[in-house]
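The values are calculated or read from the model by the stated rules, or taken from the named source; none is laboratory data. The shown structure was predicted, so the numbers you read here are calculated from the model rather than taken from an experiment. All Cβ positions, glycine included, derive from the backbone under ideal geometry; neighbour counts span all protein chains shown. Calculation scope for accessible area: heavy atoms of the full protein, side chains included, ligands and nucleic acids excluded. Shrake-Rupley method; radii C 1.70, N 1.55, O 1.52, S 1.80 Å.
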Amino acid sequence: MKARSKIRHLVTAAAAILLTTSAHAGLSFVQSFGSQGSGSGQFSLPSAVAVDSAGNVYVSDVLNNRIVRFNPANFAGTFTSFASQRSGRAQFGLKGVAVVSASNVYLGDITYHRIARFNPAWFPHTFTSFGGIGPGSGQFNSPIGVAADAAGNIYVADTKNNRIVRFDPAKFTRTFTSFGSFGSSSGQFHFPTGLTVDSAGIVYVADRDNSRIVRFNPANFAGTFTSFGKHGSGRGKFNTPYGVAVDGKGIVYVADAYNNRIDSFNPANFAGTFTSFGKHGTGNGQFDGPIGVTVDRAGNVWVADYDNNRIVQLTGAAAR
């Protein structure tokens, strides 16, 4: 995703739709946080969102070049930013964010082509980075999406290398493993951007330019590689799927950027459970280029509404 003008240019009337299905309880709007700007309580092109176990929300605030944290119960009173320094090691050009625990925040740094980590309680003194630019082992090219599994392994959507990378932060070079290559066939990716790992260790990827969601088990990448969807604006279709999340029931949520909606489905019955929420706009229940999505422990769905410069909270997805 480039500038906001590109998103608006590609939005069509056909993409701005709301789909429902009786087989699947839909999402509903709860509230939104923030406005355009660089001050406290403001965002400038938020691209990714994550929630820690205490319910604190972390945001990748791109043009402000900072990570923001707030508690939804007291947005204004808890708004805290962790900003890139003009000098020193804590410099970043961020895109993605993942919270492994309250003491470990990871971010995808597309300027320096690395994954960065810090403890919010000791920023910037705990700032650590992994990688550098390149296509080889231990290297990245515009890493955007970041996620962690239950064991603390970090997964990265290594976007311009068209692969998914896994590593153990305690043994970065020795555990660096990559999955996939460039293309549109099984086992391949074209500009993967978002990813998540479910409780069973299954990886889901927003394979952006292939207009699909990919699922695989890292223990058997080729044998379990499965894709969902194709390009379009109708049911079961995506137009630039940018972010992906999975809730505790295994329901998958997709930030369908150019369709300006959040899609959800049960992988066991993709066609029968596919439903979408939202359309293009600035009001409640509307989006302008949503590209980040996550689900908290309570089942709330959080969206980085990129061109509306806000974070949106959704709820209401019930048993499928």
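Observations on the structure shown:
- The mean accessible area for residues of the stretch 244-320, using a 1.4 Å probe and ignoring ligands and nucleic acids, is 28 Å² per residue.
- Inter-centroid distance (Cα atoms) of the stretch 175-204 relative to the stretch 105-143, Å: 19
- Neighbour-limited loop hits for trypsin sites (Lys or Arg not before Pro), the stretch 40-142 (at most 10 other Cβ within 10 Å; DSSP other than H, G, I, E, B): 86
- Relative contact order, percent, the chain [alpha-carbon distance under 8 Å, six or more residues apart]: 19
- Heavy-atom accessible surface of the stretch 80-225: percent carbon and sulfur, 1.4 Å: 46
- Violating pairs (Cα-Cα greater than 25 angstrom) within the set 171/249; 160/230; 160/237: 171/249
- Viscosity 1.002 mPa s, 20 °C: Kirkwood-radius Stokes-Einstein D of the chain over Cα pairs, µm²/s: 112
- Of all the options 36, 188, 286, the one that moves most in a Gaussian network model of the chain with Cα springs shorter than 10 angstrom is 36.
- Extreme residue, positive dipole direction of the chain, given options 217, 144, 244 (C-beta unit charges): 144
- Along its first, second and third principal axes, ordered by size, the stretch 127-241 spans 44, 29, 26 Å in Cα coordinates.
- Relative contact order %, the stretch 170-320, counting alpha carbon pairs below 8 Å whose residues are six or more apart: 14
- Tail weight of P(r) past 18 Å, computed on alpha-carbon pairs of the stretch 162-299, percent: 54
- Cα gyration tensor shape of the stretch 23-78, rounded if a/c is under 1.5, else prolate or oblate by comparing a/b with b/c: prolate
- The stretch 239-309: trypsin sites (Lys or Arg not before Pro) in DSSP loop, at most 14 other beta carbons within 10 Å: 249, 297
- Convex hull of alpha carbon positions in the stretch 46-166: directionally averaged projected area 7.2 nm².
- Cα-centred dipole magnitude for the stretch 218-268, charges only on beta-carbon of K, R (+1) and D, E (-1), debye, nearest 20: 160
- Surface accessible to a 1.4 Å probe, per residue, for the residues of the stretch 48-183, Å²: 40
- Percent of Cα pairs in the stretch 200-247 per distance bin of 5 Å, from zero to the largest separation: 5, 24, 26, 23, 15, 6, 1.
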